[in-house]
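**Student:** This is the structure, below, for whatever I ask next.
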Amino acid sequence: MLGLKLETDPNWVNIVEKNISEILTDHAWCEQKAASNAISLVIGFPEKSDLVEAMLSIAKEELTHFEMVHKKIIERGFEFGVERKDYYVNDLYKFMRKGYKRKIVLIDRLLFAALVEARSCERFRILSEQISDNDLKAFYKELMISEANHYTTFLGFARKYGEGVEDVNARWQQWLDHEAKVIRNYGKEETMHG
C-alpha cells in the first residue's frame, strides 16, 4: 500500500527496545514537526481552501499525537528531552525542487510529506507488531492508522494539484527511488527514522 521500495530491517525494533525513552522523545518531536509542516502548507498556499482545511485537521491531529507521546514519556518517569535533528527528513528534503513555479513546489512539498508519513506509518506498523511492550504495541497500532490517512491525504492533494502540471505518479516514483537510497543509511538508531 505504501509503495516504499526498501523495508525497515526488523532488527531496528531491538535497537528501539534498548532505549524506550529516546524513541519516545524523538517520536514526540516528529509529531511536533509534522504539525509545523502542515501549518507551513497553510501559510504557503492559503488560496487552496480544501488544502487549508485538510492541513488544519492534520496539524490538530499531529499536536494531539504530540500530547499523547508526551504523556507516555511522563507516565513512564522519563524526561522529555531537547529537540532531535531528523537527518533522514533532512536528507529527503534535499531532493525537493526549489526555485520552481509555485505549482511544482507545492507538488514536491506534498510528495515529501506523503513520503515521511509513509515511512512513519511503516515504522509504527513494525512497532505495533514486534515491540514487546504491550502498551506501546497498542499505542503504535492506533497511530499507524492515522499516519496512513495522512499519507493518503498528502498524496491525494499532490495528484489533484498536479493534474495538468506534471505526471505526479512519475514524480512520486522518483521520490520513492530517492527514499530507498536515503533509508539505507538509517535504521541503526533508536529514533523514529534513524
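The values are calculated or read from the model by the stated rules, or taken from the named source; none is laboratory data. What you see is a predicted model, and the numbers here were worked out from it, not measured in a lab. Here the Cβ positions follow ideal geometry from the backbone for every residue, glycine too, while neighbour counts run over all protein chains shown.
**Student:** Out of ARG109, ARG76, I need the residue that is out of contact with any Gly (no Cβ under 9 Å at 6 or more places or on another chain), of a type in the set (D, E, K, R) and at pLDDT 95 or above. Which one?
**Tutor:** So the residue among ARG109, ARG76 that is out of contact with any Gly (no Cβ under 9 Å at 6 or more places or on another chain), of a type in the set (D, E, K, R) and at pLDDT 95 or above is ARG76.
**Student:** In addition: Applying the selection to the range 81-116, what residues are within 18 Å of GLU31 (Cα to Cα), basic (Lys, Arg) and touching a residue at least 12 places away in the same chain (Cβ under 8 Å)?
**Tutor:** Result: ARG84, ARG109.
**Student:** Which residues, counting only those in the range 117-134, are in contact (Cβ under 8 Å) with a residue 40 or more places away in the chain and either assigned to a helix (DSSP H, G or I) or over 14 Å from LEU24 (Cβ atoms) (or both)?
**Tutor:** First pass over the range 117-134, keeping only residues in contact (Cβ under 8 Å) with a residue 40 or more places away in the chain: 117-123, 126-127, 130-133.
Within the range 117-134, GLU117, ALA118, ARG119, SER120, CYS121, GLU122, ARG123, ILE126, LEU127, GLN130, SER132 meet the criteria.
**Student:** Residue check, LEU24 against (1) over 16 Å from LEU127 (Cα atoms); (2) touching a Lys or Arg at 6+ places or on another chain (Cβ under 7 Å), all met but one. Which one?
**Tutor:** Unmet condition: (1).
**Student:** Okay, moving on. Only one residue in ARG97, ARG109 is within 25 Å of ASP177 (Cβ to Cβ) and outside any helix (DSSP H, G or I), so which one is that?
**Tutor:** Values: ARG109 fails: outside any helix (DSSP H, G or I).
Unique residue meeting the criteria: ARG97.
**Student:** Run down ALA59, ALA114, ALA138 and say which single residue is under 17 Å from LYS160 (Cβ atoms) and either under 20 Å from the mean Cα position of the chain (by Cα) or assigned to a helix (DSSP H, G or I) (or both).
**Tutor:** Only one candidate qualifies: ALA114.
**Student:** Just checking, how many residues over the range 10-55 are without any contact (Cβ under 8 Å) to a residue 60 or more places away in the chain, charged (D, E, K, R) and buried (at least 22 other Cβ atoms within 10 Å of the Cβ)?
**Tutor:** 1
**Student:** Mind listing whichever residues of the range 169-194 are over 19 Å from TYR93 (Cβ atoms) and either modelled with pLDDT of 95 or more or in contact with a strand residue (DSSP E or B) (Cβ under 7 Å, 6 or more places away or on another chain) (or both)?
**Tutor:** Passing the criteria: ASN169, ALA170.
**Student:** With the condition kept exactly as written, say whether any residue in the range 55-70 is out of contact with any strand residue (DSSP E or B) (no Cβ under 7 Å at 6 or more places or on another chain), closer than 30 Å to ARG171 by Cα and modelled with pLDDT under 95.
**Tutor:** No: zero hits.
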